[in-house]
Amino acid sequence: MRFAVVRFGGSNCDRDTWHVLQEVLGVDTDLVWYKEGLPRGYDAVVLPGGFSYGDYLRAGAIAARTPVMQDIQRHVQEGKLVLGICNGAQMSAEAGFVEGTFAVNAYPKFLCRPVHLRVETVSSPFTSRFREGEVIRLPIAHKEGRFITPPETMAALNREHRVAFRFCDEKGKVSEATNHNGSLESVTGVLGQFRNVLALMPHPERASEEVLGSVDGRRIFESMIRHVEIEG
């Protein structure tokens, strides 16, 4: 089993993510500089958080158009996993790996706080270690995380159970008060068409060890590992 964490100029969560995968969970994980492309085959690729290209134009827009994304597109087409975290989620949307856009927050300021999420589906390689409807706690850290998409696309995402996580309160209630960035239907994690891509605004790598106050995020990585083990 081999994972890659792809680094761009401006990535700042790459080593955190590598640490969780390599040192906490024991997965053979490469830190890959984007100019090198994907140097070998991987079971999963993680696009980490940060501010690639300083979020110039739109967050993730330039990174999504670099040559390494062609390698990652082929990786996706082969049915392998991609997890886009925060800036990586923005890249995933810009690259067309998932439907929708992550736009500037409804109140346009940087948000950095722990939040509650409701698990909307366990039928994915990223959520199988959860229970449907379970409430978990992860931190957010973004200014451009408001999920928007046309009504017909949102209807399809709901119909196909491709919303992975929604903002909620500690009891699992979804409301305007708990919708931290104004996302459509409180969506903060969405799956690609074939369910092998997850674009996720909260940071699971920041909630993967007891010392950080939560290990809920670790189960996303554990779900990916479990999927690779089962699928071979």
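The values are calculated or read from the model by the stated rules, or taken from the named source; none is laboratory data. Computed from a prediction, not measured in an experiment: that's the story for all the values here. Reconstructed Cβ throughout: ideal geometry from the backbone, glycine too, with neighbour counts over all protein chains shown.
Of the residues 68, 76, 20, the single one that is within 30 Å of residue 211 (Cβ to Cβ) and of a type in the set (A, V, I, L, M) is 20. For the stretch 111-123, the set of residues classified as β-branched (Val, Ile, Thr) and assigned to a loop (DSSP other than H, G, I, E, B) consists of 121, 122, listed by residue number. The residue list 214, 175, 208 contains one member that is at pLDDT below 95 and among the hydroxyl-bearing types (Ser, Thr, Tyr), which is 214. Residues of the stretch 94-126 that are at pLDDT 95 or above and among the small types (Gly, Ala, Ser): 95, 96, 100, 103, 123, 124. If you filter the stretch 1-35 down to residues that are over 18 Å from residue 87 (Cα atoms) and free of Cβ contacts under 8 Å to residues at least 24 places away in the same chain, you find that the one that is nearest to the chain's Cα centre (by Cα) is 22.
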